[in-house]
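The structure appears below as structure tokens.
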Amino acid sequence: MTETTRAKGGHKVPKPGSDASAESARASGRPGKTAVSGAGDKPAKSSATKQADSSGKGNKTMATSASVDAYVAAISDESRRQDCLELIELMSRLSGESPVMWGTSIVGFGSYHYRYESGREGESCRTGFSSRAREISIYLLASGSGQERLLAKLGAHRMGACCLYVRRLDDIDRNVLEKIVSASLEEVRRRHG
């Protein structure tokens with residue numbers, strides 16, 4: 001019998017350490033590749049190569065064929081795993097895109113091409129998140145419409161250049177988070193099509 005846990009909204013994922021979790025990791029990508037190491041929150045390293053741009057530098061993080069389900073299943077903390085499943089549902093609904101692994105630890109939704117004045121260009125996910133050691137990083141544009149006003153209502157968080165950091169979704173107002181992610185996606189559309 002396969003051991004699974006059900007996330008809010010019905011997604012079923014293998015329980016960490018179960019035979020189903022190990023099978024999910026083995027079946028996650030191309031033959032010979034394993035998406036996760038099976039140890040805690042740390043996925044295995046990807047063989048994704050850098051995306052070159054006109055400046056000679058490239059993106060370190062690119063979309064991969066690694067399994068999002070295996071990545072989430074490898075998160076050892078049940079509460080954190082449920083938060084990540086909830087973010088997958090929210091971001092899928094708002095972006096209209098399916099989740100895709102970007103590098104080894106970012107779950108991204110959609111993509112867009114960017115080009116800086118310096119000439120550096122590349123691809124990035126429109127929005128996404130990553131389960132880090134202490135926090136969940138939520139990737140969005142820091143200058144979205146009315147964002148400062150919304151951040152003041154969000155709850156316990158900190159904000160970086162393009163990342164919103166939260167410890168748990170229970171620490172924040174989920175309705176406000178939805179508005180922030182939605183505004184960020186709209187800003188990405190406005191700037192990058």
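The numbers here are math on the coordinates, done by the rules we state, and not lab data. Computed from a predicted model, the values in this text were never measured in an experiment. Note that each Cβ is placed from the backbone with ideal geometry, even for glycine, and that neighbours are counted across all protein chains shown.
Test of understanding: express the Cα radius of gyration of the stretch 82-169 as a ratio to 2.2 N^0.38 Å, with N the residue count.
Details: Rg = 13.4 Å, N = 88, 2.2 N^0.38 = 12.1 Å.
Rounded to two decimals, the normalised Rg is 1.11.
Can you work out ³J(HN,Hα) from phi for every residue in the stretch 94-111, in order, using Karplus 6.51 cos²θ - 1.76 cosθ + 1.60 and θ = phi - 60°, giving whole Hz and x for Gly and Pro?
Going residue by residue, I get 6, 8, x, 10, 7, x, 9, 6, 10, x, 9, 9, 10, 9, x, 10, x, 8 Hz, with x marking Gly and Pro.
Pick out, from LEU150, SER184, CYS162, the residue whose Cα sits farthest towards the positive end of the charge dipole of the stretch 129-193, with +1 on the Cβ of Lys and Arg and -1 on the Cβ of Asp and Glu.
Checking the options against the dipole of the stretch 129-193, the answer is CYS162.
So, counting K/R as plus one and D/E as minus one, what does the shell of residues with Cβ under 10 Å around LEU141 add up to?
Once all neighbours under 10 Å are counted, the net charge is +1.
So what's the net charge close to ARG191: Lys and Arg +1, Asp and Glu -1, counting the other residues with Cβ under 12 Å from its Cβ? It would help to have the intermediate numbers written out before the result.
On the way: positive: ARG115, ARG126, ARG189, ARG190; negative: GLU186, GLU187.
In short, +2.
Mind checking the full-extension length gain between TYR165 and ARG191? Use 0.36 nm per residue of separation minus the Cα-Cα distance, one decimal, nm. Mind showing how you got there, number by number?
Details: separation 26, 0.36 × 26 = 9.36 nm, distance 2.35 nm.
The TYR165-ARG191 span can extend by a further 7.0 nm.
Shape verdict for the stretch 125-193, please, from the Cα gyration tensor: rounded (a/c under 1.5), prolate (a/b greater than b/c) or oblate. List each step's numbers first, then the result.
Numbers: a/c = 2.06, a/b = 1.37, b/c = 1.50.
Verdict is oblate for the stretch 125-193.
Taking H as built 1.01 Å from N, whose amide H comes closer than 5 Å to the amide H of SER111, not counting residues under 5 places away?
ARG126
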